[in-house]
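This report concerns only the one structure given below.
The values are calculated or read from the model by the stated rules, or taken from the named source; none is laboratory data. From a predicted model like this one, the values you see are computed outputs, not experimental measurements. Ideal geometry is used to build each Cβ from the backbone, glycine not excepted, and the neighbour counts take in all protein chains shown.
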Amino acid sequence: MAFPVRVLVVDDDEITCNLLEEVLSKEGYAVHKALDGRQAIERGEKQTYDVVLSDVKMIDVDGMEVLRAYRQKSPETIIIMMTAFGSIETAIRAIKEGAYDYVSKPFKLDEIKLTLQRALEQRRLVEENTHYRQELITKYKLENIVGRSPHMLQVYKTIARVAESRSTVLVTGESGTGKELIARAIHFNSPRAARPFVAVDCSSLAETLLESELFGHVRGAFTGAVTAKKGLFEEADRGTCFLDEVGNISPAMQAKLLRVIQEHEIKRVGGTETIKIDVRIVAATNQNLEILVAEKKFREDLFYRLNVVSIHLPSLRERPEDVPLLAEHFLRKYASQNDKPVLRISPEAMDLLIRYRWPGNVRELENVMERAATLSGTNLILPDDLPRRLHVEPARMSLSSLPSRMPLSELEKLYIQKVLEETGGNKKKAADILGIDRRTLYRMATRLGLIIKR
């Protein structure tokens, strides 16, 4: 702490008060004394204390009354009770009423010091967590999400309506449109905001690993399971679990997920105990689940359970009016991260940004603006600071530069090759620009007969 920790010692035994004052002052605490409970309460009305170290048994006003007074008027103050062996039951009752801990008399001075240190460390962690939570809640307020197109205004309205409910939400849209951002906005604008938000990429894990991650496992459930482990559903209890790319999960996992939604309970891998959970599920996919249902690749009952409320995120090419807002937002973000002055975008560069089709959507735009902010040698982003692919006229790219009647698969292949060339073969950067993960990039390459080295 920037200032000495203020400690109030409360005991009707003056010798005990003086001893604790001497010992704790040497440890760097600012120590005050009160020789009875009434004086302790009066002191608390005049100034705040970080810690109150109070005896339980005192004449007139006892330690329990001191505890209740501070819990009511100064709930952030840490209360530690001191008690003789015969009043342990009272001390336990004090903990139930909000005391941090108790120490038994006759106490060891090292025990007092250690209890104080633990209490202050716990409060520091709680304060950090509260601050972090508040930052997240502020960050994901609806007014802080960038985009003012009619499409996005409709998305915001839906988020505002659904956030207060417990309903399952399905977020759809192309890769890179910001589906996780919307899931976080739902969570942090809901009554569950103070509880965990747990995100799971269902496409990046093999089925057996995904099951263990989601449901946890008991000791000995499989080779290497030397200890029991909580799953992500348990970690998200009373919070939100975001299942990204839910369309990629196997039929067996679909059945297990359906049971979680219907029964609000899970079983760990290898276990028999049923564990009740309270988790709101927000799922996302870049696939058309209705088509997958028709093709018998996705359970119809699970689809309807997930699709209680649906939010569709438009592609960036469907809302070009948001491109300048997003570009300037990302430019400010990365200029700040790189300790650069405020950067501006020249009219010519902005024209290129608006006319580009953005197949990788918002993720690709963010990648482009990060690159521009990093490489620009001036305070103005010029056309030369943008990747070559943005300089190609859309008409020439779609017609003049392509053979007539090209199959869609060949067009996909050609575009992936072009992006890989522009990134120097960097698969991660190429996947980011395309708005997909690397595993999907490898799968697409295999399907299209495109050879890329892993």
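Listed here are the residues, each with its yes/no results for (1) surrounded by 14 or more Cβ atoms within 10 Å (Cβ to Cβ); (2) in a helix (DSSP H, G or I); (3) in contact (Cβ under 8 Å) with a residue 40 or more places away in the chain.
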| residue | (1), (2), (3) |
| --- | --- |
| 281 | yes, no, yes |
| 284 | yes, no, yes |
| 291 | no, yes, no |
| 296 | no, no, no |
| 305 | yes, yes, yes |
| 329 | yes, yes, yes |
| 335 | yes, yes, no |
| 340 | yes, no, no |
| 349 | yes, yes, no |
If you check 19, 53, which single one turns out to be within 17 Å of residue 113 (Cβ to Cβ), assigned by TED's automatic domain parsing to the domain that holds residue 125 and surrounded by fewer than 22 Cβ atoms within 10 Å (Cβ to Cβ)?
19
Looking across the stretch 145-167 at residues that are aliphatic (A, V, I, L, M) and farther than 20 Å from residue 324 by Cα, the single one that is surrounded by the most Cβ atoms within 10 Å (Cβ to Cβ) is 159
Filtered residues of the stretch 176-219 (kept if farther than 25 Å from residue 252 by Cβ and either outside any helix (DSSP H, G or I) or not assigned by TED's automatic domain parsing to the domain that holds residue 258 (or both))
176, 177, 178, 189, 190, 191, 192, 193, 194, 195, 196, 197
Just to check your reading of the model, which residue among 178, 173, 231, 220 is touching an Asp or Glu at 6+ places or on another chain (Cβ under 8 Å) and not aromatic (Phe, Trp, Tyr)?
231
Taking the stretch 69-112 and keeping only residues that are among the small types (Gly, Ala, Ser) and farther than 19 Å from residue 47 by Cα, one is left with 84, 86, 87, 91, 94, 98, 99, 104
Have a look at 77, 48 and point out the one that is of a type outside the set (Asp, Glu), under 24 Å from residue 122 (Cα atoms), modelled with pLDDT under 90 and in the same structural domain as residue 118 (by TED's automatic domain parsing).
48
Find the residue count for the stretch 54-73, including only residues that are of a type in the set (A, V, I, L, M) and either farther than 20 Å from residue 123 by Cβ or in contact (Cβ under 8 Å) with a residue 60 or more places away in the chain (or both).
5
Looking at the stretch 272-318 only, could you name the residues that are basic (Lys, Arg) and under 20 Å from residue 159 (Cα atoms)?
280, 305
Count, please, the residues in the stretch 333-384 that happen to be in contact with a Lys or Arg (Cβ under 7 Å, 6 or more places away or on another chain) and of a type in the set (Phe, Trp, Tyr).
1
Identify, by number, the condition in (1) over 25 Å from residue 25 (Cβ atoms); (2) more than 29 Å from the chain's Cα centre (by Cα); (3) modelled with pLDDT of 80 or more that residue 149 doesn't meet.
(2)
For the stretch 56-76 the number of residues that are buried (at least 21 other Cβ atoms within 10 Å of the Cβ) and part of a helix (DSSP H, G or I) is 4
Being in the same structural domain as residue 301 (by TED's automatic domain parsing), at pLDDT 90 or above, of a type in the set (A, V, I, L, M) and crowded, with 18+ Cβ neighbours inside 10 Å narrows it down to one residue among 116, 170; which is it?
170
Looking at the stretch 13-41 only, could you name the residues that are over 24 Å from residue 64 (Cα atoms) and assigned to a helix (DSSP H, G or I)?
22, 23, 25, 26
Among the numbered conditions (1) closer than 23 Å to residue 432 by Cβ; (2) of a type in the set (Val, Ile, Thr); (3) part of a loop (DSSP other than H, G, I, E, B), tell me where residue 171 comes up short.
(3)
Could you please find all residues in the stretch 437-447 being modelled with pLDDT under 80 and within 16 Å of residue 408 (Cβ to Cβ)?
447
Just checking, does the stretch 150-158 include any residue being among the hydrophobic types (A, V, I, L, M, F, W, C), in a helix (DSSP H, G or I) and under 17 Å from residue 240 (Cβ atoms)?
no
Quick one: which residue in 273, 234 is over 25 Å from the mean Cα position of the chain (by Cα), at negative phi and not basic (Lys, Arg)?
273
